[in-house]
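For reference, the structure is listed below as structure tokens.
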Amino acid sequence: MSRNEAVKNIAIIAHVDHGKTTLVDAMLKQSHIFRKNEQVAERVMDSGDLERERGITILSKNTAINYGGIKINIVDTPGHADFGGEVERVLNMVDGVLLLVDAFEGPMPQTKFVLRKALEHKLKPIVVINKIDRPDARIDEVHDEVLELFMELDADDEQLDFPVIYTAAKAGIAKKSLDDDSRDLKPLMDTIIEEMPAPEGDFDAPLQMVVTTLEADDYVGKIAIGRVQRGKIKSGETIALISSSETKKAKISKVYIYEGLNRVETDEAEMGEIVAVTGLGEASIGDTIADAENPEALPGIRVDEPTLSVTFGVNTSPFAGKEGQFVTSRHIRDRLFKEAETNVALRVEETDSADVFKVSGRGELHLSILIETMRREGYEMQIGKPEVVYKMIDGKKLEPIENLTVEVPAEYMGTAMESLGRRKAEMVDMTEVAGYMRINFLIPARGLIGFRSELLTSTKGNGIMNHVFHGYAPYKGDIPGRSRGSLVAFEEGTTTGYGIWNLQDRGTMFIEPNQKVYEGMIIGENSREMDIDINPCKQKHLTNTRTSSADEAIRLVPPRLMSLEQALEYINDDELVEVTPTSIRLRKAILDRTTRGRNAKNARK
């Protein structure tokens, strides 16, 4: 076996929830990475709390297994298009991909997105049709759909000649043919060894490596991760760190390689190996680590541009500083710029106000994950309404367009299409899949804001939607916003059951009894289109008269409690979401109702 044949570098790519992380789990367990009788959590690669709660991969993870004397470096990538920055980076580290497709759902929008990226990088694909044990599996049809997708994406002849493996990742079974009898993943592992190309490069040439991922460690500082493209990298050696603007000398402290789920320190690593190095405090994603005597830069990493932005500001509500640990603009600024160092698809800009920062990302999920992470770390802030990022080219205003796929039961199809029509969506095609209508649309990114909750409501929870970035197109015209006004508290206090009961017929409540509110806080949605100031803290006055109906039981309608994403989708231009470690509140940007009324009157003139 030649030196470069001793390592295989692969990424597992798929649509969200098609079983990537479960398959990696099975590969790790069958490679005896864990000690006998060791208790191993499900989805061991999804190490973050948010990843476990939501059942999605957010950050790409590296692991390595040994099979037949060959080391296989595996990268588990996110399936959601909002984390396309992660996918883009890790594909620079690998020579081939396992494209995972659900045996029932078939290729979905994110399948197309991640496969396009892999084909652009000229990577060798192996198609894995997963969940073949599903009772509703459509294996032959899905195989044909995958082939059509490859052809649609202009795959070359070599890429079109892809091997297909059938798996049930949860059961840890793989087959080369559906008729085969199999009890493990050996057919998949054998195919990886046979089909995946070995790394190409010169072992004896001067060092070259691109930093594709950065991690922060409390003990060793910044960790730069990438693949050695050429030569060797050694601990303790002086290297040239080449950024887009300058080249400077730096010294590597330690070099680590991956074994199982652990990083293992090594003296040196050769071409083709995926490594983590410490000591490069000034390294950024896309920088080249090169030989100090012969510094040659490699191409940087290009990532899709942000399409959605929100403002992060210092919390100015009457409850500011009561629930959070980090509340100043300096705290928020430092945290955002630190995030931008490792989150390449994120852009942070300072605004005219020292207390407000504009943060642009790849979509609502991308931004809401950042907000949720920060609030769990103890940050307190207020977030503005999401806005799309426009482009001006040759004097024309262009806006981001998303490719949207909606799956709804046939009886709800008309409702969904009517709603999307109002949002300037154009239908591309429609197919029927197992009683559901799968409809593809091209829709302005701003038309998606607030659509997810509307779809779930109108289809009684049966609607499924997925979207990926399609491109920029001329501005499509105005899209109607929220048609109902807000119910706004007009004084600070604690809500009462009696006060809420009196106001229930005005609209939908967002609050419960014994909840603290303040002037300008949004506590419900009006059933009409204007805002109303109300008092949910009203007490029932005691009197010495009693009638049979005076003390009838107060029956409260359960309030609508919003998640962070729902709150961001809900707010209007003059409203904000107050985010603290323990609360998510909606509020008016101007809390004082007199000033708010005066401004509204001036705006109408």
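The values are calculated or read from the model by the stated rules, or taken from the named source; none is laboratory data. Not measured: the values here are computed from a predicted model. Don't worry about glycine lacking a Cβ; one is built from the backbone with ideal geometry, like all the others, and counts go over all protein chains shown. Note: areas computed on protein heavy atoms with side chains; ligands, DNA, RNA excluded. Shrake-Rupley method; radii C 1.70, N 1.55, O 1.52, S 1.80 Å.
Against the test of being among the acidic types (Asp, Glu) and touching a strand residue (DSSP E or B) at 6+ places or on another chain (Cβ under 7 Å), the options Asp140, Asp202 yield a single qualifying residue, Asp202.
Please work out if Ser368 is modelled with pLDDT of 90 or more and within 24 Å of Val114 (Cβ to Cβ). When the stated conditions are applied, Ser368 does not pass them. Per this entry, Ala205 is counted among residues that are open to solvent by 10 Å² or more (accessible area, probe 1.4 Å) and not in a strand (DSSP E or B).
The strands (runs of 3 or more DSSP E) falling completely within region 214-295 that include 2 or more residues that are in contact with an Asp or Glu (Cβ under 6 Å, 6 or more places away or on another chain) and of a type outside the set (Val, Ile, Thr) map to 232-234. Residues that are aromatic (Phe, Trp, Tyr) number at least 2 in the following strands (runs of 3 or more DSSP E) confined to region 358-453: 436-444. When we screen Glu152, Glu215 for residues that are out of contact with any Phe, Trp or Tyr (no Cβ under 7 Å at 6 or more places or on another chain), open to solvent by 60 Å² or more (accessible area, probe 1.4 Å) and under 30 Å from Thr238 (Cα atoms), the only hit is Glu215. Once region 253-273 is narrowed to residues that are at pLDDT below 85 and open to solvent by less than 40 Å² (accessible area, probe 1.4 Å), the residue that is farthest from Ala224 (Cα to Cα) is Gly260.
Among the residues of this structure, Ile500 counts as one that is outside any loop (DSSP other than H, G, I, E, B), surrounded by 19 or more Cβ atoms within 10 Å (Cβ to Cβ) and modelled with pLDDT of 90 or more. Restricting Lys117, Lys124 to residues that are open to solvent by 10 Å² or more (accessible area, probe 1.4 Å), farther than 27 Å from Leu346 by Cα and of a type in the set (Lys, Arg) narrows the list to Lys124. Could you tell me which residue of region 503-530 is surrounded by the most Cβ atoms within 10 Å (Cβ to Cβ), considering only residues that are in a strand (DSSP E or B) and charged (D, E, K, R)? Per the criteria, the residue is Glu525. Please determine whether any residue of region 462-476 is at pLDDT 85 or above and either over 17 Å from Leu308 (Cβ atoms) or aliphatic (A, V, I, L, M) (or both). Yes, the conditions are met somewhere in region 462-476. Checking each residue in region 156-194 for being of a type in the set (Val, Ile, Thr) and open to solvent by 30 Å² or more (accessible area, probe 1.4 Å) picks out Ile173, Ile193.
Among (1) open to solvent by less than 70 Å² (accessible area, probe 1.4 Å); (2) in contact with a Pro (Cβ under 9 Å, 6 or more places away or on another chain); (3) part of a loop (DSSP other than H, G, I, E, B), where does Glu305 come up short? Looking at each condition in turn, Glu305 falls short on (1).
The condition of being open to solvent by less than 10 Å² (accessible area, probe 1.4 Å) and over 30 Å from the mean Cα position of the chain (by Cα) holds for only one of Ala250, Ala283, Ala290, Ala276, that being Ala290.
For region 81-97, check the following and say yes or no: at least one residue is surrounded by 17 or more Cβ atoms within 10 Å (Cβ to Cβ), modelled with pLDDT under 75 and under 18 Å from Ile165 (Cβ atoms). No, region 81-97 contains no residue that is surrounded by 17 or more Cβ atoms within 10 Å (Cβ to Cβ), modelled with pLDDT under 75 and under 18 Å from Ile165 (Cβ atoms).
In the condition set (1) surrounded by fewer than 24 Cβ atoms within 10 Å (Cβ to Cβ); (2) in contact with a Gly (Cβ under 8 Å, 6 or more places away or on another chain), Asn130 is compliant with all but (1). Against the test of being of a type in the set (A, V, I, L, M, F, W, C), surrounded by 15 or more Cβ atoms within 10 Å (Cβ to Cβ) and over 30 Å from Pro318 (Cα atoms), the options Ala425, Ala410 yield a single qualifying residue, Ala425. Given the criterion among the small types (Gly, Ala, Ser), surrounded by fewer than 22 Cβ atoms within 10 Å (Cβ to Cβ), more than 28 Å from Arg335 (Cα to Cα) and touching a residue at least 24 places away in the same chain (Cβ under 8 Å), identify the matching residue among Ser235, Ser244. From the options Ser235, Ser244, the qualifying one is Ser235. Scanning region 318-364 for residues that are open to solvent by 40 Å² or more (accessible area, probe 1.4 Å) and of a type in the set (S, T, N, Q) turns up Gln325, Thr328, Thr342, Thr351, Ser353.
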